[in-house]
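First, the structure itself, so that you have it in front of you.
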Amino acid sequence: MPFDLHDPEFVADPYPTFAALREKAQVHAHPDLGVAVAVSHAAASEVLRSRGLGRIWHDATPVEQFTSFNLLHRNSLLENEPPTHTRLRRLVSAAFGRGHTERLRPWVDELAGRLVDDLEGGGDLLEKVAAPLPVEVIAELLGVPEADRSKLVPWSNAIVKMYEYGLPEEFRRDAEAAASEFVAYLRDLATAPAPGSLIEDLVAAHDGEKLDQDELVATAVLFLMAGHEATVNVIGNGVVALMRNRDQWQRLVEDPSLLPTAVEELIRYDAPLQMFERTATEEVTIAGYTVRPGERIAALLGAAARDPLAFDRPDALDVGRNPNPHLGFGAGIHYCVGAPLARVEIMAALKALTTKMPDLRLNGEPERRPEFVIRGLRTLPVLG
């Protein structure tokens, strides 16, 4: 096997294994996962961009036990190909493009500042800053009342566990229960959306077309899961990387103009999403490896991000790195719609931390989550 997802040493630091795999070939079969894995930047990019490879959704089974989970994915922008994807992306982009990112930017900066104020002196940065920031932003974007916002993270955490391999049955049941509650909640919210919210814009028609209710619910859940999980883990993984590379932290403290490039570098350096699958709709060859119709291949985004053919000194953290062609937001037609908002959130967190807590440091060893596909931390104790 190229690697073992249940090996704690591999999960803690997969990058040496990825480097060894790149030395042998750009694509490897992984019989245990039933999927080929692309480990070079060029091969991973081709996987994400090839029109012979698509996001082909297969319902979780038994289907009668996963009604809501399957509904969310069957109607998702992320899990469909043209022409359905083309229509969904046009409508979602039209709604999201109505100035929501710029509308929220000052509010996000203010929120990040308040959260970091609460952290001053020390505590768990994940609990006090990294986790609440993106969920508050997505809730504000969707128009979720403050009284209901505490429900969102448990729902998201339960649902995204289904993306891991070899999941215990108990977690699968939890994912469906969370999906069912989330679907019911969003159906109610869509009947009377908050003025100015993304939900209001998603409900509206664009050029005579509109999302149906299942599509609207799936879109809202996608924004929460993708927006929350990616952002919290970029901030968490990124702060750990900066604490272990004090010279780079000091560069940010002394030169705030580096914040935009630092955001891209933290996404690259320790990727929050390590693996993204595609299914062949026709025979496709990626770096000499043939993928036949119905077979799956995954881009290992963490491996692609450390490819020396794409990045100078790829194992070094460089907050001023430019250019930085990372694949953290995907590529091709499935490039992340919410990427601009994610950048605003990450930059706001870094700006608040470097400004208010310039002497920030670790206060013990962070605890890493045991999952591989979504890479993040459980705890991040700091002083400052």
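Where does the longest stretch of the chain lie that holds no trypsin sites (Lys or Arg not before Pro) found in a DSSP loop with 16 or fewer other Cβ atoms within 10 Å?
245-384
Using a 1.4 angstrom probe on heavy atoms only, work out the carbon and sulfur share of the accessible area of the chain in %. Walk me through the numbers on the way to the answer.
On the way: 8190 of 15860 Å².
Carbon and sulfur together cover 52 percent of it.
Under 5 Å between amide H atoms, partner at least 5 residues away or on a different chain: which partners does Thr379 have, H built in plane at 1.01 Å?
Under 5 Å from the amide H of Thr379 lie the amide H atoms of Glu367, each far enough along the sequence or on another chain.
Tell me the per residue accessible area of the chain using a 1.4 Å probe; a whole number in Å² is fine. The partial results should precede the final answer.
Values: 15860 Å² over 384 residues.
With the other protein chains kept in place, the chain gives 41 Å² per residue.
While we're looking at this one, here's another question. Taking the Kirkwood radius as the inverse of the mean 1/r across Cα pairs, report the Rg/Rh of the stretch 178-313.
1.09
For the stretch 1-106, just the Cα atoms, rotate onto the principal axes and tell me the three extents in Å, largest first.
On the principal axes, the stretch 1-106 reaches 46, 42, 31 Å in Cα extent.
If you rank Asp207, Asp117 by how much accessible surface each has, with a 1.4 Å probe, what is the order from largest down?
Largest accessible area first, the list is Asp207, Asp117.
Over the Cα atoms of the chain, what Rg and Dmax result, in angstrom?
According to the Cα coordinates of the chain, Rg and Dmax are 20.3, 57 Å.
Same structure, new question: Quick one: length gained pulling Glu23 to Arg313 fully straight, 0.36 nm per residue minus the C-alpha distance?
Extra length from Glu23 to Arg313 when fully extended: 102.8 nm.
How much length is gained on full extension from Asp255 to Glu164, taking 0.36 nm per residue of separation minus their Cα-Cα distance?
28.9 nm
For the stretch 262-309, what value does the Rg/Rh ratio take when both radii are computed over Cα atoms and Rh is the Kirkwood radius, given to two decimals?
On the way: Rg = 13.4 Å, Rh = 12.2 Å.
Across the stretch 262-309, the Cα-based Rg/Rh ratio is 1.10.
Which aspartates and glutamates have a Cα less than 14 Å from the Cα of Lys161, not counting those fewer than 8 places away in the same chain?
Glu169, Glu170, Asp174, Glu176, Glu229, Glu371
Between Glu102 and Ile333, what's the calculated FRET efficiency when r is the beta-carbon distance and R0 is 25 Å? Round to 0.05. Before the final figure, lay out each step's value.
Values: r = 25 Å, r/R0 = 0.99.
After rounding to 0.05, the efficiency reads 0.50.
Pop out the Kirkwood hydrodynamic radius of the stretch 294-384 from its pairwise C-alpha distances, inverse of mean 1/r, in Å to one decimal.
One decimal place: 16.3 Å for the Kirkwood radius.
A further question on this structure: Can you pull out the chymotrypsin sites (Phe, Trp or Tyr not before Pro) in the stretch 163-248 that DSSP calls coil and that have at most 16 other Cβ atoms within 10 Å?
Tyr165
If each residue of separation counts as 0.36 nm, what is the full-extension length gain between Asn322 and Thr285 once their alpha-carbon separation is subtracted?
On the way: separation 37, 0.36 × 37 = 13.32 nm, distance 3.07 nm.
10.2 nm is the gain from fully extending Asn322 to Thr285.
Using only the Cα atoms of the stretch 1-42, build the gyration tensor, take square roots of its eigenvalues as a ≥ b ≥ c, and label the shape rounded, prolate or oblate: rounded if a/c is under 1.5, else prolate if a/b is larger than b/c, else oblate.
Oblate.
Note down the relative contact order for the stretch 305-384 as a percent, whole number, built from C-alpha pairs under 8 angstrom at least six residues apart.
Result for the stretch 305-384 is 18 percent.
Nearest 5 is fine: what % of DSSP beta bridges in the chain come out antiparallel, could you say?
Taking every DSSP beta bridge with both residues in the chain, the antiparallel ones total about 90 percent.
The values are calculated or read from the model by the stated rules, or taken from the named source; none is laboratory data. Just so it is clear, the structure is predicted and the values come from calculations on it, not from any experiment. Reconstructed Cβ throughout: ideal geometry from the backbone, glycine too, with neighbour counts over all protein chains shown. SASA here: full protein model, heavy atoms, side chains in, ligands and nucleic acids out. Shrake-Rupley method; radii C 1.70, N 1.55, O 1.52, S 1.80 Å.
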